[in-house]
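Below: the structure, in structure tokens.
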Amino acid sequence: MDFSKVSSGKNSKTENFPVTSWFFLGHFRYHINTFYNFARAADDIADTNMLSSKEKVRQLNEFDNIINGKKYNPPVHPSAKLMRESILNTGIDKNHCGELLAAFRQDATKQRYNNWEELFEYCQKSAAPVGRYLLELFGESENNYQFSDPLCIALQVLNHLQDCKEDYETLNRIYIPLSWMNECGTEPRELSQDRSDPRLKMVFRMLLDKTMELLAEAEPLPNNIRSRSLRVQARSILNIAHELRHKLWTMDPLSGKIKLSKWQYFRSCARGISGQLVC
């Protein structure tokens, strides 16, 4: 199989939030890159329009087999094999990868979320494992999961809002609670418009309110991390999330891609280094 055909073309430099960082030493950076490449390859399979849902699930199951050291049917993306080697070298819990794969399989078969609880449960699988992986890799306490989980889930929700129009038009997916849309008197097809009407804006702001609650829960994370490099990274990402949430509150994701400017991104990271949080 030509895996380049299902590739999204995304890499760690084009993501909304920093995945790898110059804050990290080479040893950590290698394993973080391996984890990112694994997740990106699996996500690309889940998001491509070139494969049926059944074939997507089959290929993602092969990723799972490799991660768990089971027999698999080639060809399989090389990132899965490298991730298996990384797990064996670091002793990292393979369930972080397993949870991500469960979320990607869900992407291949589920296109709507009825309520906030359903969406939250999905994000717990699709986002929280990233923070948990980093904390374990750096030897941090599992007690910090209570802070990293809401941060990662908040980032996922913000990303869903950024991409809500594209997700609907290209993948027919909606990561917005349908019950909230019904409550506000709007419907999925409104996501294809070039401008949000007041009812849809109300739904977006309900999601942003939830995101603010999650970021408040995540705020203690940096001060509970022992590793200086990971602490700076966590503080920087919190700042980036607050900046992006503010832009999504004041701008319309249907009118164009909303992202931080280079200056806003730099400022968030600089404040992360200096120990400041944007709230």
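Derivation of every value follows stated rules applied to the coordinates shown; laboratory data play no part. Keep in mind that what you see is a predicted model, and the values were worked out from it rather than measured. Note that each Cβ is placed from the backbone with ideal geometry, even for glycine, and that neighbours are counted across all protein chains shown.
Here is how the numbers come out for the structure above:
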read-out	value
Rough spin-label spacing in nm, given labels placed 7 Å along Cα→Cβ, for R189 and E169	1.7
Residue-count net charge about R84 - beta-carbon cut-off 14 Å; Lys, Arg +1, Asp, Glu -1	0
Exceeding the 21 Å Cα-Cα cut-off - candidates K71/K94; K110/K201; K54/K257	K110/K201; K54/K257
Footprinting exposure proxy for S148, S227 (fewest neighbouring C-beta atoms within 10 Å first)	S227, S148
Three-way shape call for the stretch 72-124 based on the alpha-carbon gyration tensor, with the a/c threshold at 1.5	oblate
Stretch gain in nm, segment T109-K257, where the contour uses 0.36 nm per residue and the Cα spacing is subtracted	50.7 nm
Virtual spin-label span in nm between L88 and R226, 7 Å along Cα→Cβ	2.9
Cα gyration tensor shape of the chain, rounded if a/c is under 1.5, else prolate or oblate by comparing a/b with b/c	oblate
The chain, helix-only ellipticity at 222 nm - DSSP H runs n ≥ 4, -39,500 (n - 2.57), divided by all residues, nearest 500	-20500 deg cm²/dmol
